[in-house]
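**Q** If you scroll down you'll find the structure; I have some questions about it.
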Amino acid sequence: MKPPRWPVIAVSGGLALLVLGLFRFGLNPWQQFTREEEIVVAVAAVKQEPRPVVLRLSGELQPSAEVDVVSRLAGKLTEVKFKTGDSVTAGAVVATVYSGGLSERARVVEAGLNATRTQLQEREQQAATADKQLAHDKELYRQDLIARRDVEQAEIRAATARAELELARAHLAQEEAMLSQARQLQQLAHIVAPVSGLVVGALSAGAPVTEARAILAIAQIDKLKLIGEAPAVYKSLIRDGMTAQVSPRELPARARLGKVLRLDSGAAADKIQLEISVDNRDRALAIGNAVDVALTLAHQELLLTIPRSALQSLADQHFVYLVLDGRAVRRAVKLADESADPVAIGDGLNAGDRVIAERLSKITEGVRVRPATTAK
């Protein structure tokens, strides 16, 4: 008995219908299973554009200057009112110095002054007595009760007493001046800050000090600076007083203008050393802040550019997707300037390359793509 033929007929009929359906939609049966999906993308050509030369420096901010606070007296620190990291204003008392020699000198002068004051009182009394005796003797002489010689002796005694009184007064004035000087020197024991700023170093109480030893160091932070290097080829284009954009790395939106001071020494032969100063009276910046500086020169160069929308970034790495042989190919690039749109590319592309400018979220390495219209 032969097996039934209807199962074979049914399978053959089903395959025939499937084939007819595939042809109906314009595909060969094998293409339906092997053809990859194409993503239609907008592409942009890599162009060359003239751009101003922008020198970029990075580093940490430093104080514009540091001022050492010293004592004009030798002695020992009895008090230090500020510690490293504290802010201090000009004129504030920052420390106190005890000078044993000065204190002893003031004590001796004051004791001598008191003795001179006592002596002056005695001289004043003696002069008054001598003048009174002279007046009395003159009256007796007028009455012919004493000789002329007695009056002359009384005049000599009165003159002597007045001279001794004037001498005592001069001596008193001298010792008062000495005491005033000693007290003024004692005022120097209170050390004041000559400038406002940030304390970056300080001695401890009890430390010995001399006129040559700094008690505190104050960093002036109303103005900060960055030291960096630029290629010497641009030396003729850099001038003192040029403005530069200084951007805190953590808060680039708070960029501010700085001033350029050109320093020729201290750099390699192919470099020029620069100092960029930035106003910090609002104290928004701090010593040690990492900053990026952009200095735009009056000179242009040709740079490769792409639309910002074509640039992809991941963990400080930048890349684009090229269209090569109908596929997306990832290419790492280095940026020359990303402050504008189009973005300037420093390395990784050539003029005329085509980069994918849209729908990048759907693009992966090697996927088939089909350019639509070229993005402007």
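**Q** Picking from V355, V343, which residue would you name as being more than 21 Å from Q245 (Cα to Cα), crowded, with 19+ Cβ neighbours inside 10 Å and outside the structural domain of I227 (by TED's automatic domain parsing)?
**A** Working: V343 fails: more than 21 Å from Q245 (Cα to Cα).
Of the residues listed, the single one that is more than 21 Å from Q245 (Cα to Cα), crowded, with 19+ Cβ neighbours inside 10 Å and outside the structural domain of I227 (by TED's automatic domain parsing) is V355.
**Q** OK, next. If I ask for residues that are of a type in the set (G, A, S) and at pLDDT 90 or above, which ones from region 65-84 would you list? Give the derivation first.
**A** Within region 65-84, the subset of a type in the set (G, A, S) is 65, 71, 74-75.
Residue satisfying the conditions is A65 alone.
**Q** Here's a check for you: in region 341-354, which residue that is part of a loop (DSSP other than H, G, I, E, B) and touching a residue at least 60 places away in the same chain (Cβ under 8 Å) is nearest to H318 (Cα to Cα)? Reasoning before the result, please.
**A** Within region 341-354, the subset part of a loop (DSSP other than H, G, I, E, B) is 341-342, 348-353.
This time we only want the ones that are touching a residue at least 60 places away in the same chain (Cβ under 8 Å), so: 342, 349-353.
Numbers: P342: 15, L349: 12, N350: 16, A351: 18, G352: 19, D353: 17 Å.
Per the criteria, the residue is L349.
**Q** Based on this model, can you work out whether A232 counts as in the same structural domain as E275 (by TED's automatic domain parsing) and more than 20 Å from the chain's Cα centre (by Cα)? Lay out the reasoning, then the answer.
**A** On the way: in the same structural domain as E275 (by TED's automatic domain parsing): yes; more than 20 Å from the chain's Cα centre (by Cα): yes.
Judged against the criteria, A232 is a match.
**Q** Among E176, E229, E164, E250, which is in contact (Cβ under 8 Å) with a residue 40 or more places away in the chain, in contact with a strand residue (DSSP E or B) (Cβ under 7 Å, 6 or more places away or on another chain), over 30 Å from A92 (Cβ atoms) and of a type in the set (D, E)? Before you say what the answer is, go through the steps one by one.
**A** Numbers: E176 fails: in contact with a strand residue (DSSP E or B) (Cβ under 7 Å, 6 or more places away or on another chain); E164 fails: in contact with a strand residue (DSSP E or B) (Cβ under 7 Å, 6 or more places away or on another chain); E250 fails: in contact with a strand residue (DSSP E or B) (Cβ under 7 Å, 6 or more places away or on another chain).
Testing whether each residue is in contact (Cβ under 8 Å) with a residue 40 or more places away in the chain, in contact with a strand residue (DSSP E or B) (Cβ under 7 Å, 6 or more places away or on another chain), over 30 Å from A92 (Cβ atoms) and of a type in the set (D, E) leaves just E229.
Okay, residues lined up against (1) assigned to a loop (DSSP other than H, G, I, E, B); (2) assigned by TED's automatic domain parsing to the domain that holds R105; (3) of a type in the set (D, E); (4) closer than 30 Å to R105 by Cβ:
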residue	(1), (2), (3), (4)
Q133	no, yes, no, no
K138	no, yes, no, no
D144	yes, yes, yes, no
D150	no, yes, yes, no
R162	no, yes, no, no
A168	no, yes, no, yes
Q174	no, yes, no, yes
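**Q** Which one is modelled with the lowest pLDDT, of the residues in region 307-334 that are farther than 16 Å from N350 by Cα, hydrophobic (A, V, I, L, M, F, W, C) and loosely packed, with under 14 Cβ neighbours inside 10 Å?
**A** Checked region 307-334; the qualifying residue modelled with the lowest pLDDT is A315.
**Q** Can you tell which of A147, A158, A193 is surrounded by 13 or more Cβ atoms within 10 Å (Cβ to Cβ) and touching a helix residue (DSSP H, G or I) at 6+ places or on another chain (Cβ under 8 Å)?
**A** Residue meeting the stated conditions: A158.
The values are calculated or read from the model by the stated rules, or taken from the named source; none is laboratory data. It should be emphasised that the depicted structure is a prediction, and the values quoted were computed from it without experimental measurement. No Cβ is skipped: glycine too gets one built from the backbone with ideal geometry, and neighbour counts run over all protein chains shown.
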